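Read the structure below first, then the notes.
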Amino acid sequence: MRVVVIGAGIVGSSVAYEAAKAGAEVTVLEAGKIAGGASATSFAWTNATGKRPQPYFALNVAGMRAHLDLAREFGHAPWFHQTGSIEWYSNESDWPAQLDNADQMRDWGYGVEWISKSRLAELEPEIDHSAIQNSPIVYYPEEGWVHPVLYAAWLLRAAKEKWDADIRPFTSVKSIDVRNSVAKAVKTVDGSIYEADAIINCTGSWAAHVLDGVPAIPMASNMGILGFTLPIATTLRRQFHMDDLDVRPDGAGRLVIHKISVDSLVTEMQPLDPAGAEASLLLQAVRKVLPAVQPDDMESIRTIVRPIPGDNLTCSGWVPGFEGYYVAITHSGVSIAPHLGKAVAQEVVGGRLHDSLTDFRPDRFLAAKNGMGQRS
Ligand SMILES: Cc1cc2nc3c(=O)[nH]c(=O)nc-3n(C[C@H](O)[C@H](O)[C@H](O)COP(=O)(O)OP(=O)(O)OC[C@H]3O[C@@H](n4cnc5c(N)ncnc54)[C@H](O)[C@@H]3O)c2cc1C
């Protein structure tokens, strides 16, 4: 079976790896660099906390477990760090919601531990307790983070070496050739044609832009900003989440910083100054928790569009009315990708629907040309 995967972010590389492993002849067409889209500028926290409804929570948990399986499969997974994560809220008014969420997560079988400040000091001695005061502290031991670009590089290299997958970066797809409601081939901007039995769209937020011949996926994408610091002499191992601030190590002493209120300061992708106002807001917030960070420690600051399907949930399945054309688009893609890759490969190459994707079909957005697949 010839499978063409469009897009080589963390989702496309997972799909390509699993489809090749399942026996397909896989070609990956990527417009830019491998994992150069949202996957390169992701906080990349593997988690399911707060994710609702329950099937979406379960999909994220399946992703977290699949990360562990994949790490075992490779024997050595330099992209994966399952360190657990720490959460607290500085405003007392947020504590009831934190408690409700933790109770719900525990009821759904998620690892949740309430820890003391002395335990926190053992785990992360450099976190300044004055930033915590009397806040309750939750530790989620199963969570972690990923280096998505390394992940994609390792999976695509394995797909190429083990199963001869054809990986083509800097190859932009222009259109899908659909004849009699069957997707037959992919045409690239440079005029090349790739015939296929199945075409899988893994273009993330670009799924909102119409590829000629097939419908776009309605997206509710928004902007994200991430700050990357210079190497800092800190022993921080785990990510922490305080109010709307997220911080994690990124290797070699660098930290990645995200703050929801800073995201809303930009409305489109643009270069930002590491000495500019957004960077300064991120650093000020971190310095209250990690005094080792200095006011001029930002090395780079990046903007990116978060790929979010219109109802905030994953969108994965055959597109009704376009036989042979499949889409796999999701937010929380770093958490979900290794599971999504397996589930999509089962559906596309194995021909068997995967129960975990039942609630996430594209037909909720797309009315089929022939009337099939519309939800009542
Ligand atoms: C700031 C931020 C923080 C985030 N934090 C988290 C988090 O903590 N945890 C989590 O799980 N998720 C998080 N996410 C979401 C996660 O990063 C994404 O869901 C995930 O990276 C999506 O991967 P993808 O492969 O679908 O998309 P992308 O990585 O964007 O890959 C899509 C690829 O398709 C290519 N492409 C587009 N059009 C074409 C074309 N016509 N032809 C060929 N190729 C094409 C692009 O070049 C791109 O490389 C975050 C996202 C952002 C932006």
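Just to be sure before I move on: is Ser335 over 19 Å from the mean Cα position of the chain (by Cα), within 16 Å of the ligand (Cβ to nearest atom), outside any strand (DSSP E or B) and within 30 Å of Ala58 (Cα to Cα) in the structure I sent? Write out each step before concluding.
Values: over 19 Å from the mean Cα position of the chain (by Cα): no; within 16 Å of the ligand (Cβ to nearest atom): yes; outside any strand (DSSP E or B): yes; within 30 Å of Ala58 (Cα to Cα): yes.
So Ser335 fails the test.
Among the residues of the range 224-267, those identified as under 20 Å from Gly37 (Cα atoms), assigned to a loop (DSSP other than H, G, I, E, B) and in contact with a strand residue (DSSP E or B) (Cβ under 7 Å, 6 or more places away or on another chain) are Asp250, Val266, Thr267. Taking into account only those residues within the range 39-85 that are touching a Pro at 6+ places or on another chain (Cβ under 7 Å) and not in a helix (DSSP H, G or I), which is nearest to the ligand (Cβ to nearest atom)? By that ranking, first place goes to Ser42. The sole residue among Phe228, Phe240 that is among the aromatic types (Phe, Trp, Tyr) and within 12 Å of the ligand (Cβ to nearest atom) is Phe228.
A single entry from Tyr151, Tyr110 fulfils the requirement of being within 16 Å of the ligand (Cβ to nearest atom) and either of a type in the set (Lys, Arg) or in a helix (DSSP H, G or I) (or both): Tyr151.
Can you confirm whether Tyr89 is hydroxyl-bearing (Ser, Thr, Tyr), closer than 18 Å to Phe57 by Cα and surrounded by 15 or more Cβ atoms within 10 Å (Cβ to Cβ)? Answer is no for this residue.
Of all residues in the range 283-312, exactly one satisfies the criterion of being within 16 Å of the ligand (Cβ to nearest atom), out of contact with any strand residue (DSSP E or B) (no Cβ under 9 Å at 6 or more places or on another chain) and within 19 Å of Phe43 (Cβ to Cβ), namely Asn312. Go through the residues of the range 300-312 one by one and say whether even a single one is in contact with a helix residue (DSSP H, G or I) (Cβ under 9 Å, 6 or more places away or on another chain), within 25 Å of Ser175 (Cα to Cα) and of a type in the set (Lys, Arg). Yes, the range 300-312 has at least one match. Could you check, for the range 213-220, whether at least one of its residues is within 30 Å of Lys187 (Cα to Cα), assigned to a strand (DSSP E or B) and within 16 Å of the ligand (Cβ to nearest atom)? Yes, the range 213-220 contains a residue that is within 30 Å of Lys187 (Cα to Cα), assigned to a strand (DSSP E or B) and within 16 Å of the ligand (Cβ to nearest atom). With Ile200, Ile176, Ile167 as the choices, which residue is over 25 Å from the mean Cα position of the chain (by Cα), part of a strand (DSSP E or B) and over 28 Å from Thr267 (Cα atoms)? Among Ile200, Ile176, Ile167, only Ile176 is over 25 Å from the mean Cα position of the chain (by Cα), part of a strand (DSSP E or B) and over 28 Å from Thr267 (Cα atoms). Looking across the range 313-329, the residues that are in contact with a strand residue (DSSP E or B) (Cβ under 7 Å, 6 or more places away or on another chain) and in contact (Cβ under 8 Å) with a residue 60 or more places away in the chain come down to Cys315, Val319, Phe322, Glu323, Gly324, Tyr325, Tyr326, Val327, Ala328, Ile329.
For Leu156, are the conditions met, namely being crowded, with 16+ Cβ neighbours inside 10 Å, within 13 Å of the ligand (Cβ to nearest atom) and part of a helix (DSSP H, G or I)? Taking the combined requirement at face value, the residue satisfies it.
Quick note: the coordinates plus some simple rules give every number you see, no bench work behind them. All of these numbers come straight from a predicted model, not from anything done at the bench. So basically every Cβ, Gly included, is an ideal-geometry build from the backbone, and we count neighbours across all protein chains shown.
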